[in-house]
Amino acid sequence: MVVYQVYPRSFADSGGDGLGDLAGITARLDHLAWLGVDALWLSPINPSPMADGGYDVADYRGVDPSFGTVEDVERLACEATDRGIDLLLDIVPCHTSIEHPWFRERPELYVWSPVDGPPNNWRANFGGPAWTEDRHGRGWYLHSFYPEQPDLDWRNPEVARELAAVLSFWRGKGVAGFRLDALQQLLKDPELRDDPPATRPRLLAGETDYETLEHVHSSDQPGVEEPLRALRRGAGADAFLVGEIGLPCDRHGPYLGPLDASFCFELFFSAWEAEALAAGIRAGLATGKPAWVLSNHDFPRLADRIGRENVAAAALLLLALPGPVFLFQGDELALGNGPGRPAGAAEAPPYDRAGRDPFRHPMPWTEKPPHHGFTTGAPWLDVVVPPSGSAERQREDPGSPAAHTRELIALRRGLVGPVEELSARDGVLSFRRGAVGVAVNTAERPREQPWTGSVLHRTSSRSDDLLNPGSGTFVQVV
Ligand code: NOJ
């Protein structure tokens, strides 16, 4: 299964307001069908004050007017299904927006301090204290992320009932599954004990005071299977559920029963180096339910993280792995980071306070400046065109990153069986899937191709048995 992640604000604008929308996505479905993906995941589309790019939801059953309406979701689901593409939505179960009516009307659904002030030393994921004083004088509430995102209390069974009903509501609108946000934050220590100082190296070391603590009490608590079972019941047995669990893979076990897959962040954050990539793959395989991903809306774009020269080989590696694979919009174009500000707005404050605007620039659909088919208005962030050109140009060019991605997605259907003979030697990562040998050269010099047989795909144009640096190959092994 190949899932294409759409960041709706940046995919395609049908209305001319400079913001992507659902009708825009529907109008561009042919690109996804051309690539050959199986599903499309939308980052949140619910009404939101956008303090966290939509991950601050003010109504789980609605659609933000900037994106369209519930009917637009139904239309998108229907048109996608007609092309053999399932629609997946992003559900944010850990917290709501501070503007959600529940926060005003049903405070018992949230986590409150039992004292007049922060009851412990917990820090928020984006830095700063995890407790903020309510502006209506009701005490101090917990927020694992921004203060605009109060945490729901999953120890209150009403929360599970409400969220499960939300999933079944969207199933009724033609949605086939869900990506579940930040599951490590669902349950917290009921005694609200202090987190001890950090000792273990973290998967991804950020630069905030969040990193100074070991989050043994503020996240990842026993009993998480119960809430997840409730979400599974709401979604139905046949829904696809992938969890974002911000923990190393060896701690995903308690979450996995009700889920189909969880993202393997070890591979995501791995250096572009054969040994490290192999370790990332092993970590994911060990869960038994890995979802593979190398890029999303939260981190610098792949081309900037691992180097543009390695992007094609990274796509080959990702698309060779068994289980669900997630591609972030623009990865197929080898799109890089943008400046993070709209044109002429050098002084404008960032939209995202955690600095993620540069990873969220709109899609370049055509060669036509100034906005490359994204909008007829003024885009919320500039449209960045990668060196290999817009989607339109890449689709015409058989050597482009988009054409490679398309061919790899097609070849992937012929890869069967588990990962075997995984090895990292001399900078070359290799493994076998059935009769197909996969190899990627992460070294700085050409390396011997480890597989003998006929080449099904190679990302560089060499015709001998050597693999160029930053290239990869699929070989029909004899
Ligand atoms: C993970 C999402 O991917 C990210 O964008 C968001 O800020 C946090 N969860 C909080 O919802």
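The values are calculated or read from the model by the stated rules, or taken from the named source; none is laboratory data. All values derive from a computational prediction rather than experimental measurement. Here the Cβ is made from the backbone with ideal geometry for all residues, glycine too, and neighbour counts use every protein chain on show. Accessible surface areas use protein heavy atoms only, side chains included; no ligands, DNA or RNA. Shrake-Rupley method; radii C 1.70, N 1.55, O 1.52, S 1.80 Å.
Points worth noting:
- In region 104-132, residue most open to solvent (accessible area, probe 1.4 Å) [restricted to those that are away from the ligand (no atom under 16 Å from the Cβ) and of a type in the set (A, V, I, L, M, F, W, C)]: Val115
- Test: Ser66 is modelled with pLDDT of 95 or more, more than 16 Å from the ligand (Cβ to nearest atom) and under 22 Å from the mean Cα position of the chain (by Cα): yes
- Selected residue (criterion: nearest to the chain's Cα centre (by Cα)) from residues of region 252-271 that are touching a residue at least 60 places away in the same chain (Cβ under 8 Å) and surrounded by fewer than 20 Cβ atoms within 10 Å (Cβ to Cβ): Phe269
- Among the numbered conditions (1) surrounded by fewer than 21 Cβ atoms within 10 Å (Cβ to Cβ); (2) within 16 Å of the ligand (Cβ to nearest atom); (3) of a type outside the set (Asp, Glu); (4) under 26 Å from Leu259 (Cβ atoms), the only one that Pro49 does not meet is (4).
- Only one of the numbered conditions (1) in contact (Cβ under 8 Å) with a residue 24 or more places away in the chain; (2) not acidic (Asp, Glu); (3) not in a helix (DSSP H, G or I) is violated by Pro118, and that is (1).
- Unmet criterion (only one of (1) within 16 Å of the ligand (Cβ to nearest atom); (2) modelled with pLDDT under 95) for Arg308: (1)
- Lone unmet requirement of (1) over 30 Å from Pro8 (Cβ atoms); (2) open to solvent by 10 Å² or more (accessible area, probe 1.4 Å) for Val475: (2)
- If the condition is being more than 15 Å from the ligand (Cβ to nearest atom), outside any helix (DSSP H, G or I), open to solvent by 40 Å² or more (accessible area, probe 1.4 Å) and not acidic (Asp, Glu), then region 133-173 contributes Arg135, His136, Gly137, Arg138, Trp140, Arg155, Gly172, Lys173.
- Residue in region 428-435 that is in the same structural domain as Asn310 (by TED's automatic domain parsing), surrounded by fewer than 22 Cβ atoms within 10 Å (Cβ to Cβ) and touching a Lys or Arg at 6+ places or on another chain (Cβ under 7 Å) present: no
- All of Leu321, Leu335 fail the test of being within 19 Å of Arg179 (Cβ to Cβ) and in a loop (DSSP other than H, G, I, E, B), apart from Leu321.
- Beta carbons closer than 7 Å, at least 6 apart along the sequence or on distinct chains, pair a first residue in region 461-478 that is under 15 Å from Gly399 (Cα atoms) with a second that is small (Gly, Ala, Ser) for Ser471/Ala313; Ser471/Ser460; Gly472/Ala313; Gly472/Ala439; Thr473/Ala439.
So that you can scan it fast, the table gives a plain yes or no per residue for (1) among the hydrophobic types (A, V, I, L, M, F, W, C); (2) open to solvent by less than 40 Å² (accessible area, probe 1.4 Å):
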| site | (1), (2) |
| --- | --- |
| Gly399 | no, no |
| Thr405 | no, yes |
| Val419 | yes, yes |
| Asn441 | no, yes |
| Glu444 | no, no |
| Ser454 | no, no |
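- Of everything in region 69-93 that is within 14 Å of Asn46 (Cβ to Cβ) and part of a loop (DSSP other than H, G, I, E, B), the residue that is farthest from the ligand (Cβ to nearest atom) is Thr69.
- Positions within region 52-63 being more than 16 Å from the ligand (Cβ to nearest atom), open to solvent by less than 40 Å² (accessible area, probe 1.4 Å) and not β-branched (Val, Ile, Thr), in sequence order: Gly62
- Enumeration of residues in region 1-46 that are surrounded by 21 or more Cβ atoms within 10 Å (Cβ to Cβ) and among the hydroxyl-bearing types (Ser, Thr, Tyr): Tyr4, Tyr7, Ser10, Ser43
- Answer from Leu228, Leu213, Leu241 - the residue that is in the same structural domain as Phe169 (by TED's automatic domain parsing) and open to solvent by 10 Å² or more (accessible area, probe 1.4 Å): Leu213
- Residue in region 325-334 that is over 20 Å from Phe374 (Cα atoms) and open to solvent by less than 10 Å² (accessible area, probe 1.4 Å) present: yes
- Ala424 falls short of the stated requirement of being among the aliphatic types (A, V, I, L, M), within 21 Å of Asp30 (Cα to Cα) and not in a loop (DSSP other than H, G, I, E, B).
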